[in-house]
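Here's the structure we're looking at; comments come further down.
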Amino acid sequence: MTLLIVVLIIAAVAVLLATTAGLTGIDALQIGMRQDAALEAFAGADGCMEVALKKLHDDHNYAGETVTLGGTACVITVTGSGTSRTVKARASYSSAAYIREIQSNVDWTTKFQIMSWQENTN
C-alpha cells in the first residue's frame, strides 16, 4: 500500500514537471512571436521612411501617402514649408496590433540633408 502511494506521488510530480515545462515553452514561443511582430512593424516604418525621403528628395511638394510593404501597412505624412520638412512614417503590422513610428526632419537649404531620425515611443 505504501509503495502505491509513493508511486502515485512520483507520478503526480512527474506530470506537474512536464506540464510546467510545456507551459514555459509556450510562453517563450509567444514572447518570440511578439518580438518578431514588433521588429516587422519597425522594419516597415523604416522602409516607408526610406520611400518618403526618396520621394521628397525628388519632389519637394511630396505630401505623403499610404504604402504597403509586405504585410506592413504604413501611413506617411509630410509637414512643414520652405526648405524644411518633418516626415513621419507610422507602420502597423498584424492587424494594427504592433505599431511603430519614425520621424525625420529634413532640410535642403544648400543640399538635401537629414537633420534627425528617431523612433517615436508614444
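The values are calculated or read from the model by the stated rules, or taken from the named source; none is laboratory data. The shown structure was predicted, so the numbers you read here are calculated from the model rather than taken from an experiment. A quick note on method: Cβ atoms are made from the backbone with ideal geometry, for glycine too, and the neighbour counts reach across all protein chains shown.
Kindly evaluate residue 33 against the criterion of being assigned to a helix (DSSP H, G or I) and at pLDDT 80 or above.
no
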For segment 86-122, which positions are modelled with pLDDT under 95, under 21 Å from residue 63 (Cβ atoms) and basic (Lys, Arg)? 90
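How many residues does segment 60-80 hold that are small (Gly, Ala, Ser) and touching a Cys at 6+ places or on another chain (Cβ under 9 Å)? Reasoning before the result, please.
The initial filter retains those residues of segment 60-80 that are small (Gly, Ala, Ser), namely 63-64, 70-71, 73, 80.
So of that shortlist, the ones also touching a Cys at 6+ places or on another chain (Cβ under 9 Å) come out as none.
Number of matching residues: 0.
Do the conditions hold for residue 43, that is, is it among the aliphatic types (A, V, I, L, M) and at pLDDT 90 or above?
Numbers: among the aliphatic types (A, V, I, L, M): yes; at pLDDT 90 or above: no.
Taking the combined requirement at face value, the residue does not satisfy it.
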Segment 74-113: number of residues that are surrounded by 13 or more Cβ atoms within 10 Å (Cβ to Cβ), out of contact with any Lys or Arg (no Cβ under 9 Å at 6 or more places or on another chain) and assigned to a strand (DSSP E or B): 5
Filter segment 66-93 for residues that are of a type outside the set (Val, Ile, Thr) and out of contact with any helix residue (DSSP H, G or I) (no Cβ under 8 Å at 6 or more places or on another chain); the one that is nearest to residue 117 (Cα to Cα) is 88
Residue 61 fails exactly one of the following numbered conditions: (1) modelled with pLDDT under 90; (2) of a type outside the set (A, V, I, L, M, F, W, C); (3) not in a strand (DSSP E or B). What is the number of that condition? (1)
